[in-house]
Amino acid sequence: MEQVMIEKLIDTAIEQLKFSYTPYSNFKVGAALLTKSGKIYTGCNIENAAYTPTNCAERTAIFKAISEGNKEFVAIAIVGNKAGIKQGEGDYCAPCAVCRQVMAEFCDLDTFKVIIAKDTDDYLEHTLGELLPLAFTGKNLDK
């Protein structure tokens, strides 16, 4: 993937942080999902007082894309941090296990790129398979 596209995805994910609804954890997450057609879907985390209905930024972006008929994905950029920490500082924000499982439903384990970023100069890039070894997918259900 071209550096320009990686930077665009990271910048788009950072822009989504302002839309996060996080009154309980104050931990904002933004995501930008790239489709094979070149369209970018965005997501932010949305918390709920009951916690279980909370939705992560990654799943928000994926569900938006699927709800519009897009199911072919190339990469996702994820950024996140506790409120008050300057962008580029703090830790990387890796996707949770639920998000990894959702990605495994719709993304190729060997080619889908997960970009975990602090900013455009400081990021990690992994395949989904590296982040979810021995994934359980629909192939496990084939007879």
- Mind counting the residues in region 6-43 that are more than 14 Å from residue 78 (Cβ to Cβ), in contact (Cβ under 8 Å) with a residue 60 or more places away in the chain and not acidic (Asp, Glu)? 1
- Message: Which of the numbered conditions does residue 101 fail, given that it passes all the others? Conditions: (1) closer than 25 Å to residue 2 by Cα; (2) assigned to a helix (DSSP H, G or I); (3) among the polar types (S, T, N, Q).
- Response: (1)
- Message: I'm trying to understand the selection: among the residues of region 60-73, which are open to solvent by 20 Å² or more (accessible area, probe 1.4 Å) and either within 19 Å of residue 24 (Cα to Cα) or among the aliphatic types (A, V, I, L, M) (or both)?
- Response: 60, 66
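If I filter region 112-136 down to residues being part of a loop (DSSP other than H, G, I, E, B) and farther than 27 Å from residue 89 by Cβ, which single residue comes out as most open to solvent (accessible area, probe 1.4 Å)?
Result: 134.
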- Query: Within the group 37, 20, 25, 67, which residue is small (Gly, Ala, Ser), under 21 Å from residue 137 (Cα atoms) and at pLDDT 95 or above?
  - Reply: 67
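Of all the strands (runs of 3 or more DSSP E) wholly in region 1-97, which have at least 2 residues that are under 18 Å from residue 125 (Cα atoms) and in contact with a Lys or Arg (Cβ under 7 Å, 6 or more places away or on another chain)? Write out each step before concluding.
On the way: elements: 27-35, 40-44, 73-82.
Once the strands (runs of 3 or more DSSP E) in region 1-97 are filtered for at least 2 residues that are under 18 Å from residue 125 (Cα atoms) and in contact with a Lys or Arg (Cβ under 7 Å, 6 or more places away or on another chain), what remains is 73-82.
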- Message: Looking for something open to solvent by 20 Å² or more (accessible area, probe 1.4 Å), closer than 23 Å to residue 4 by Cα, at pLDDT 95 or above and in contact with a helix residue (DSSP H, G or I) (Cβ under 7 Å, 6 or more places away or on another chain) - is there at least one such residue anywhere in region 74-91?
- Response: no
- Residue by residue through region 92-103, note down the ones that are without any contact (Cβ under 8 Å) to a residue 60 or more places away in the chain and either at positive phi or surrounded by 13 or more Cβ atoms within 10 Å (Cβ to Cβ) (or both). 92, 94, 95, 96, 99, 100, 101, 102, 103
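The values are calculated or read from the model by the stated rules, or taken from the named source; none is laboratory data. Just so you know, these numbers come straight off a predicted model, no measurement behind them. When we count neighbours, we look across all protein chains shown, and the Cβ atoms used for this are built from the backbone with ideal geometry, even at glycine. Side chains included, ligands, DNA and RNA excluded: accessible areas come from the protein's heavy atoms. Shrake-Rupley method; radii C 1.70, N 1.55, O 1.52, S 1.80 Å.
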